[in-house]
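Undergrad: Handing you this structure, nothing more for now.
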Amino acid sequence: DVKVTQSSRYLVKRTGEKVFLECVQDMDHENMFWYRQDPGLGLRLIYFSYDVKMKEKGDIPEGYSVSREKKERFSLILESASTNQTSMYLCASSFRGMGNQPQHFGDGTRLSIL
Amino acid sequence: QKEVEQNSGPLSVPEGAIASLNCTYSDRGSQSFFWYRQYSGKSPELIMFIYSNGDKEDGRFTAQLNKASQYVSLLIRDSQPSDSATYLCAVANSGYALNFGKGTSLLVTP
């Protein structure tokens, strides 16, 4: 079975802090994704990566950055956390290919910014 | 903007009935289609995927794809209360990412 592990299930931070969300997958997947999910807005893509050190902006990249130094690990960084970044953050991974492979999700991190 | 539309529901069906969930998409070039189930407070879980026109069955689940009409459906036979969840439709276009619908809430009543 595919295992996508997110470092924290719940996280509370303060405005202005730099926040790191970590995601590790054990299936040697090339593609990795970060989404946020908010009530009424559905899943929105923040960033994705199709290879080590490669990254592409998604639909809502403002206020976020990412890092992919190793194939199995994809980090999401909130440069200066703000209250409107309070959300559920979901990491996903898939095999190489242009979206024709299913994505597998981690358990999610519920982040609260106070 | 490539749209994936789902009725938000809730769709309420009695236990043992067939639940029918529908999804329409705007990009005629869409290649692959996925159904995810998401329980409240949990992450999406892949149920099925379908690439070709027609039906694909897996246990109690059947995915139906009609590319000419640009819709994909998920049928759940013999619905159980444990099927109560939000079902997300996702569509692959030409890029790496999937486009997700906002989901349909299904409630199976005993």
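FYI, it's all coordinate maths here, none of it is from the lab. Fair warning: this is a prediction, and the values are worked out from it, not measured in the lab. Here Cβ is always computed from backbone atoms with ideal geometry, including for glycine, and neighbour counts include all displayed protein chains.
Undergrad: Do any GluC sites (Glu not before Pro) in the stretch A:7-109 lie in a DSSP loop with no more than 10 other beta carbon atoms within 10 Å, and if so, which?
TA: A:Glu62
Undergrad: For B:Ser32, which sequence-distant residues (separation of 5 or more, or a different chain) have an amide H within less than 5 Å of its own amide H, given hydrogens modelled in the peptide plane?
TA: Here the answer is B:Ala92, since their amide H atoms fall under 5 Å of that of B:Ser32.
Undergrad: State, to one decimal in nm, how far the label point of B:Lys56 lies from the label point of A:Ile77, with both points 7 Å from Cα in the Cβ direction.
TA: Each label point lies 7 Å from its Cα, and together they span 3.8 nm.
Undergrad: Here's another thing I want to ask about it. GNM on chain A, C-alpha springs below 10 Å: top fluctuator among A:Pro39, A:Pro102, A:Pro61?
TA: A:Pro39
Undergrad: Could you work out the relative contact order of chain B, using alpha carbon pairs under 8 angstrom and six or more residues apart, expressed as a whole percent?
TA: RCO, chain B: 38 percent.
Undergrad: Quote the charge dipole size of chain A about the Cα centre in Debye, to the nearest 20; the model charges only the Cβ of Lys and Arg (+1) and of Asp and Glu (-1).
TA: In debye, rounded to 20, chain A gives about 220.
Undergrad: Can you work out the FRET efficiency for the pair A:Ser67 and A:Ser112, with r the C-beta to C-beta distance and R0 = 22 Å, to the nearest 0.05?
TA: For A:Ser67 and A:Ser112, the calculated efficiency is 0.45.
Undergrad: What net charge is computed for the residues neighbouring B:Ile47, neighbours being all others with C-beta under 9 Å from the C-beta of B:Ile47, Lys and Arg scored +1, Asp and Glu -1?
TA: For residues surrounding B:Ile47, the net value is -1.
Undergrad: Now for a different question. Tell me, what HN-Hα J-couplings in whole Hz come from the Karplus equation 6.51 cos²θ - 1.76 cosθ + 1.60 at θ = phi - 60° for each residue of the stretch B:58-74, using x for Gly and Pro?
TA: Those phi angles translate into 8, x, 7, 9, 10, 9, 10, 10, 10, 6, 5, 9, 6, 9, 9, 10, 10 Hz.
Undergrad: Place a point 7 Å from the Cα of B:Tyr39 along the Cα-to-Cβ direction; which residues of the stretch A:77-114 have their backbone N under 11 Å from it?
TA: Inside the label zone: nothing.
Undergrad: For a Förster distance of 22 Å, can you work out the FRET efficiency between the beta-carbons of B:Asn22 and A:Asp38, rounded to the nearest 0.05?
TA: E between B:Asn22 and A:Asp38, to the nearest 0.05, is 0.40.
Undergrad: Give me the inter-chain shielding for A:101-110: mean count of other chain Cβ atoms within 10 Å, whole number please.
TA: 5
Undergrad: Here is a further query. Would you mind calculating the relative contact order of the stretch A:1-54 from Cα pairs under 8 angstrom and at least 6 residues apart, reporting the percent as a whole number?
TA: 29
Undergrad: As an exercise, identify the trypsin sites (Lys or Arg not before Pro) in the stretch A:30-70 lying in DSSP coil whose Cβ has no more than 15 other Cβ atoms within 10 Å.
TA: Taking the stretch A:30-70 and a limit of 15 other Cβ atoms within 10 Å, the loop trypsin sites (Lys or Arg not before Pro) found are A:Lys53.
Undergrad: Can you give me the distance in nm between label points at A:Thr15 and B:Leu11, each placed 7 Å from the Cα along the Cα-to-Cβ direction?
TA: Placing both labels 7 Å beyond Cα along the Cβ direction yields 4.2 nm.
Undergrad: Before anything else, pin down the relative contact order of the stretch A:42-114: Cα pairs under 8 Å, at least 6 apart, normalised by residue count, whole percent.
TA: After rounding, I find 22 percent.
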